[in-house]
Structures are given as structure tokens and as C-alpha cells.
Amino acid sequence: MSTTLTPTPPNPRAHNLSRTTATATRVLRQLTHDPRTIALLILIPCVMLFLLRYVFDGSPRTFDSIGASLLGIFPLITMFLVTSIATLRERTSGTLERLLAMPLGKGDLIAGYALAFGTLAIIQSALATGLAVWFLGLDVTGSPWLLLLVALLDALLGTALGLFVSAFAASEFQAVQFMPAVIFPQLLLCGLFTPRDNMHPALEAISDVLPMSYAVDGMNEVLRHTDMTATFVRDALIVAGCALLVLVLGAATLRRRTA
């Protein structure tokens with residue numbers, strides 16, 4: 001007696017590479033029709049670094065001391081803003097609801113967005129790093145490729161944070177309002193303005209759990225050491241781990257529509 005096997009339908013919750021890449025391709029195609037967003041992502045960090053260099057034209061050592069840190073901070077901020085607003089727009093327009101009605105898991109969707117914006121983050125970080133090191137004369141002791149690595153990880157962290165907070169915003173204005181709550185405290189406590197060990201002990205303890213602190217520490221390691229140090233590896237892994245953790249949280253909190 002023959003037995004007929006019924007094919008098992010695909011599980012939309014299981015991560016699928018083809019669905020992820022299809023999502024990333026769609027997002028990139030949409031972004032190519034929005035030149036203002038592309039300009040914000042690609043050009044704004046370069047413009048900010050250019051202005052910063054000539055603000056400290058009479059004190060190049062000051063630019064050397066903070067330029068590397070800002071090389072990582074600027075991409076994080078721009079990717080956070082653009083990603084949070086773009087994801088929220090998908091939800092409020094009903095696009096997200098239609099996508100999730102298809103065999104597309106939340107993990108596929110978040111991974112697709114991360115892949116799309118991560119591609120732009122590579123371009124953004126490469127341009128900003130090249131401009132700072134080879135055109136603006138940023139003096140670093142270590143390899144510029146390590147600067148690029150940290151800048152890229154920061155941009156990916158900004159993407160992950162933007163995807164995560166978009167789940168809690170009901171409008172684009174609210175998405176922008178998350179910036180003072182998520183980005184500004186990290187900016188103040190990351191060690192950019194003063195060494196973290198000079199802060200009040202309570203603030204230093206808070207800064208120890210903020211990922212931007214390790215991004216700045218990693219940039220400073222490249223600034224001071226010729227070779228890759230164990231501290232640099234630790235800092236890079238922490239930033240990458242935080243980005244991955246926030247992406248997982250973003251997938252867990254993803255909603256179809258904004259109420």
C-alpha cells in the first residue's frame with residue numbers, strides 16, 4: 001500500500017535567507033527613489049566632519065583627539081534617525097501589515113532591513129573614514145581599517161536602535177523624539193567630552209553599560225596604538241553584540257500597525 005506524503009508548508013517564523021534578501025532588495029529599491037534620504041545617509045557625516053576640521057583649523061590636535069570618536073558617532077546618529085522613520089512609515093502606510101500577511105517572518109523582515117541599511121552603512125562609513133584620514137588629515141597611530149570597522153559597527157548599531165524604537169512610536173515626530181532619550185544620554189556619557197573615570201561614580205557606572213562608550217573607547221585605541229589591542233577587540237565585540245541584541249529585541253517587539 002502506497003503512502004502519499006503531504007509537503008510541509010513553509011514556516012513563516014523560520015528564518016529564510018531568500019525572504020531576507022528579497023526584503024533588503026525592496027528597501028534599497030525604495031531608497032533609490034528618495035534622493036534626500038540617500039543624501040542624509042551618505043553626505044551628512046562627511047559634511048559634519050569637514051566642518052569640524054575647519055572649526056578647529058588653528059588647533060589640529062583637537063581635531064585629532066575628537067575626530068576619531070565623532071567618526072563613529074555621526075554614522076550612528078544618522079542611521080538611527082533614518083531607520084526609525086523609514087520603518088515607522090512602512091507601518092503607518094499599511095505596508096508592514098501586508099508584508100506580514102505573507103509567509104514572511106518578523107526575523108526575516110528585521111534582518112532584511114538591517115541588511116539594506118547595513119549596505120548603506122558600509123558606503124557611509126567608508127566615505128567618512130576616507131575623508132577624515134586621507135583628505136582632512138586625521139592623525140591616527142593605528143590602521144585606518146580599524147577605524148572603518150568601528151565606524152561600520154556604530155552605523156549598524158544605529159540601524160538596530162532605529163528599528164527597535166520605531167515599534168514604540170506612533171508618528172514620525174515621535175520617532176524623532178526618541179533621539180533625546182536614546183542617543184543624547186549616550187553622547188554625554190560616552191567619554192567624548194571628558195574621560196569617563198572623571199565623572200561622578202554613578203554616571204560612570206551608567207556609561208559602562210552604554211554601547212556608545214565602547215565605540216568611543218575603540219576609536220581611541222586606534223588613535224593611540226599601532227596594533228590591534230585586546231581592549232579594541234573587546235570594545236568592537238561589545239558594540240557588535242549590542243547591535244545583534246537590539247535587532248533580536250526589535251524582531252520580538254515588531255507590530256504590524258501603529259495604533
Hits in the range 34-91 - residues which are basic (K, R), free of Cβ contacts under 8 Å to residues at least 40 places away in the same chain and over 22 Å from Q174 (Cα atoms): R61
Go through L188, L237, L203, L156 for me and flag whichever is buried (at least 18 other Cβ atoms within 10 Å of the Cβ) and out of contact with any Lys or Arg (no Cβ under 6 Å at 6 or more places or on another chain). L156
Just name the residue that is farthest from I238 (Cα to Cα) out of those in the range 126-144 that are open to solvent by 40 Å² or more (accessible area, probe 1.4 Å) and under 18 Å from the mean Cα position of the chain (by Cα). L127
Condition broken by S69, with the remaining ones in (1) assigned to a helix (DSSP H, G or I); (2) at pLDDT below 80 satisfied: (2)
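The values are calculated or read from the model by the stated rules, or taken from the named source; none is laboratory data. Every value quoted in this text rests on a predicted model; they were computed, and no experiment measured them. Neighbour counts are summed over all protein chains in view; Cβ atoms, including those assigned to glycine, are modelled from backbone coordinates with ideal geometry. Ligands, DNA and RNA are stripped out before the accessible areas are found, and what is left, the full protein with its side chains, is counted by its heavy atoms. Shrake-Rupley method; radii C 1.70, N 1.55, O 1.52, S 1.80 Å.
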